[in-house]
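Shown next, in structure tokens, is the structure this report addresses.
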Amino acid sequence: MTTEIKILIAKVEDREQIGEVFDRVWLATYPNEEYKITVDDILDHIEKRRQRIRESREDRIKNPLKGETLLVAQEDDKVVGVCRLVVKDDRNQLQAIYVLPDYQGRGIGTMFWWEAQKYTDPKKDFFVELAVYNTNALEFYKKLGFVDTGRRMRDEKLRMKSGSIIPEMEMVKLSSRK
Ligand SMILES: CC(C)(COP(=O)(O)OP(=O)(O)OC[C@H]1O[C@@H](n2cnc3c(N)ncnc32)[C@H](O)[C@@H]1OP(=O)(O)O)[C@@H](O)C(=O)NCCC(=O)NCCS
């Protein structure tokens with residue numbers, strides 16, 4: 001058995017596995033007692049996301065939005081991580097890095113970060129938004145050189161069934177090539 005991890009552009013046939021990575025990582029990461037985000041909230045959010053994808057006529061893997069790249073980390077044929085990047089007019093945006101719980105802490109997040117450089121603009125700053133209580137992600141981004149911008153967000157899209165919102169913060173890594 002090989003344990004080599006490869007970072008590749010997502011293919012249409014990865015769709016099901018990508019969905020599973022999102023669901024499993026959400027469930028493992030986002031329930032939070034302090035901010036009253038329950039497991040039930042996350043299960044409901046996952047179900048609604050699945051419903052939106054089923055109803056959507058657009059295929060984001062086949063036809064990505066302008067500037068968007070979806071990467072997967074694969075061990076053999078198994079998708080163990082997903083990374084979504086968007087190059088906007090004024091910035092690079094790291095929309096998500098999700099690594100399956102059993103595969104975290106093995107350097108896959110860092111591999112995504114290096115691969116991301118190929119699909120983004122080195123002259124633009126890199127922004128990321130994360131849940132304020134996601135300390136693992138905070139440490140991960142700090143290690144990559146991101147700093148807290150001080151901006152805090154409460155996005156209605158992250159309002160859960162219980163009424164609680166997942167509160168977010170913003171981090172930035174400034175480009176050294178501007
Ligand atoms: C955050 C995440 C993307 C990091 O990916 P990863 O593959 O686990 O990270 P790496 O193995 O490349 O770790 C790189 C560094 O990040 C830091 N780090 C990673 N996981 C950490 C943890 N659980 N606690 C503290 N620091 C952590 C460490 O400094 C680590 O360096 P080290 O191994 O030299 O100590 C991954 O853990 C994950 O998917 N978490 C759940 C989803 C999420 O929070 N995504 C980010 C928000 S979009």
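Filtering 139, 115 for residues that are farther than 20 Å from residue 86 by Cβ and of a type in the set (Asp, Glu) leaves a single hit, 139. From the set of residues in the range 83-111 that are more than 10 Å from the ligand (Cβ to nearest atom), buried (at least 18 other Cβ atoms within 10 Å of the Cβ) and in contact (Cβ under 8 Å) with a residue 24 or more places away in the chain, which is nearest to residue 68 (Cα to Cα)? Within the range 83-111, the match that is nearest to residue 68 (Cα to Cα) is 85.
Of the residues making up the range 1-37, just one is part of a helix (DSSP H, G or I), closer than 15 Å to residue 134 by Cα and touching a Phe, Trp or Tyr at 6+ places or on another chain (Cβ under 7 Å), namely 25. Scanning the range 113-139 for residues that are in contact with a helix residue (DSSP H, G or I) (Cβ under 9 Å, 6 or more places away or on another chain), surrounded by 15 or more Cβ atoms within 10 Å (Cβ to Cβ) and among the polar types (S, T, N, Q) yields a count of 1. Cβ-Cβ under 6 Å, sequence separation 6+ or interchain: first residue in the range 22-37 and over 19 Å from residue 99 (Cβ atoms), partner part of a strand (DSSP E or B) and away from the ligand (no atom under 12 Å from the Cβ). Which pairs? Pairs that qualify, where the first residue is over 19 Å from residue 99 (Cβ atoms) and the partner is part of a strand (DSSP E or B) and away from the ligand (no atom under 12 Å from the Cβ): there are none.
Among the residues of the range 146-178, the ones that are in contact (Cβ under 8 Å) with a residue 12 or more places away in the chain and outside any strand (DSSP E or B) come to 13 in all. Does the range 38-45 contain at least one residue that is without any contact (Cβ under 8 Å) to a residue 60 or more places away in the chain and either part of a helix (DSSP H, G or I) or not β-branched (Val, Ile, Thr) (or both)? Yes, some residue in the range 38-45 is without any contact (Cβ under 8 Å) to a residue 60 or more places away in the chain and either part of a helix (DSSP H, G or I) or not β-branched (Val, Ile, Thr) (or both).
Values in this text are rule-based calculations from the coordinates and carry no lab data. Given the structure is predicted, the values throughout are model-derived calculations rather than measurements. Counting neighbours? That spans all protein chains shown, and the Cβs are built from the backbone with ideal geometry, glycine included.
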